[in-house]
Amino acid sequence: SAPAPAKPGLLGRLMGRSAPATAMRRALDDEMLEQLEELLISADMGVDTALRVTANMAEGRYGRKLSVEEIKRLMMREIARIMEPVARPLPLYPKTPQVVLVVGVNGSGKTTTIGKLASQFRAAGKKVVIAAGDTFRAAAVEQLQVWGERAGVPVLTAPQGSDPASLAFDAMAKAQADGADLLLIDTAGRLQNRGDLMEELAKIVRVIRKKDETAPHNTLLVLDATTGQNALNQVKVFQDISDVSGLVMTKLDGTAKGGVLVALADKFGLPIHAIGIGEQIDDLQAFDPDEFAAALIG
Ligand code: GDP
């Protein structure tokens, strides 16, 4: 049987299927730019960023007749240009243990991402310790233990409902005593009571600083690509209640192509350390701007 036709990408939809795409040329005029803007907005890029991309595309080319290929390449280039400065793997510091606080709303993929990161660092020869800091969610703790086993990394837990800061302190002590390279700390993601969560995160930070005043070295915010524009809001909220230093976007293997990442890069400029592309332990990749732009535009 014939292979399923590829899903038409953004531009495929714009140009329609009526004529051979390669033969078609259209002027980069107001109508065209407006259609491109709508496409970008429908891809979760947000109005401001969509406007910036199309304005950059039009600069010096307004009114010119372009082929689909040219428009596509132009759009990809403008998107990749916004993304290049933020495509940065998690920096590793000589000072160990490097403490990575992982924050984000429940369901965003925190525990999964911690498991994947632990496995990657372990494979790179690093000694890793995980702290199951969401002590209120028994399921999160259990899941982290499973990930820890898979990755061959110890997971420190505390009785359900106990103080996450106290666990973080113990984990810090263990990581230091064991000579660990990395300590990954999971945290609660209950945004219902923002003040409480802020207090909880602040206390974790205070307590680990008693062991190392430079910690935490990174605060990773995990975002779910399927939440679309809502991710912008989550960055704002978590910037208010913690010291977000970088992002991981999960679930980019689904239908969501993560257009909101362009808006995030444009608005916040936070580094994107990795992307999640599945539920398995190896499904975490470095963020590649060109690949991302190509997948988004298709
Ligand atoms: P947490 O509540 O933030 O700790 O989120 P979890 O790590 O438990 O993830 C929530 C759900 O999303 C689980 O079913 C995960 O398997 C799933 N998940 C996490 N990351 C990815 C990803 O990159 N792709 C897909 N398809 N699913 C993911």
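The values are calculated or read from the model by the stated rules, or taken from the named source; none is laboratory data. In this text the structure is predicted, and so the values were computed from the model without any measurement. No Cβ is skipped: glycine too gets one built from the backbone with ideal geometry, and neighbour counts run over all protein chains shown.
Some points to look at:
- Residue in the stretch 123-139 that is more than 21 Å from GLY179 (Cα to Cα), out of contact with any Asp or Glu (no Cβ under 6 Å at 6 or more places or on another chain), within 16 Å of the ligand (Cβ to nearest atom) and in a helix (DSSP H, G or I) present: yes
- For the stretch 140-156, a residue qualifies if it is away from the ligand (no atom under 12 Å from the Cβ) and of a type outside the set (Asp, Glu), and the qualifying residues are GLN145, GLY148, ARG150, ALA151, GLY152, VAL153, PRO154, VAL155, LEU156.
- Count of residues meeting criterion [more than 16 Å from the ligand (Cβ to nearest atom) and loosely packed, with under 15 Cβ neighbours inside 10 Å] in the stretch 174-221: 14
- In the set (1) in contact with a Gly (Cβ under 9 Å, 6 or more places away or on another chain); (2) at pLDDT below 95, the condition left unmet by PRO271 is number (2).
- Subset of the stretch 94-112 that is part of a loop (DSSP other than H, G, I, E, B) and farther than 23 Å from ALA138 by Cβ - its residue that is farthest from the ligand (Cβ to nearest atom): PRO94
- Matching option when the condition is within 16 Å of the ligand (Cβ to nearest atom) and more than 19 Å from ALA202 (Cβ to Cβ), among GLY278, GLY259: GLY278
Conditions (1) in contact with a Pro (Cβ under 6 Å, 6 or more places away or on another chain); (2) in a helix (DSSP H, G or I); (3) among the charged types (D, E, K, R); (4) loosely packed, with under 15 Cβ neighbours inside 10 Å, marked per residue:
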site: MET32; (1), (2), (3), (4): no, yes, no, no
site: LEU40; (1), (2), (3), (4): no, yes, no, no
site: ASP44; (1), (2), (3), (4): no, no, yes, no
site: ASP48; (1), (2), (3), (4): no, yes, yes, yes
site: LEU66; (1), (2), (3), (4): no, no, no, no
site: LEU74; (1), (2), (3), (4): no, yes, no, no
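- Residue in the stretch 109-122 that is modelled with pLDDT under 95 and over 15 Å from GLU200 (Cβ atoms) present: no
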